[in-house]
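Quick notes on the structure that follows.
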Amino acid sequence: MGTCDTCGNGYDDSFQVIKDGTEYTFDCFECAIHKLAPECAACGIRIIGHGVQHGQALYCCGHCAHGAGASGIVDHA
Ligand SMILES: [Zn+2]
Ligand SMILES: [Zn+2]
């Protein structure tokens with residue numbers, strides 16, 4: 001049984017995620033996202049897909065990257 005690093009819940013089916021050499025334990029994916037997913041530098045939403053990187057900043061979509069001056073990035077939906 002593991003204890004969730006985000007909410008502290010002890011849960012039989014907890015799972016581990018290793019990021020940058022640090023091991024985390026979570027009871028659900030929502031807790032994992034809350035703790036580990038990067039935030040969009042423009043709108044602050046959690047990025048759980050690929051995201052868009054511009055320089056050192058991560059954005060959730062081309063629209064947000066555009067607002068930061070990354071004019072070469074276009075959403076392809
Ligand atoms: Zn949790
Ligand atoms: Zn965004």
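The values are calculated or read from the model by the stated rules, or taken from the named source; none is laboratory data. Source: prediction; values computed, not measured. Every residue, glycine as well, gets a Cβ built from its backbone with ideal geometry; the counts of neighbours run over all protein chains shown. Ligands, DNA and RNA are excluded from the accessible area calculation, which covers all protein heavy atoms including side chains. Shrake-Rupley method; radii C 1.70, N 1.55, O 1.52, S 1.80 Å.
Here are some notes:
- Amide H to amide H, with H built 1.01 Å from N, Tyr59 comes under 5 Å of Ala41, Val52, Gln53, His54, counting only residues 5 or more places away or on other chains.
- Mean Cβ count within 10 Å, highest first, over the residues of peptides 7-20, 39-52: 39-52, 7-20
- Alpha-carbon centroid distance for the pair region 17-50 / region 53-70, whole angstrom: 18
- Per residue, the chain reaches -4500 deg cm²/dmol at 222 nm when only DSSP H runs of four or more residues are counted, each adding -39500 (n - 2.57).
- Between Phe15 and Ser71, the contour length at 0.36 nm per residue exceeds the Cα-Cα span by 16.2 nm.
- Accessible area in the full protein assembly, largest first, 1.4 Å probe, for His54, His34: His34, His54
- Counted by Cβ distance under 15 Å from Tyr24, the other residues give a net charge of -3, where Lys and Arg count +1 and Asp and Glu count -1.
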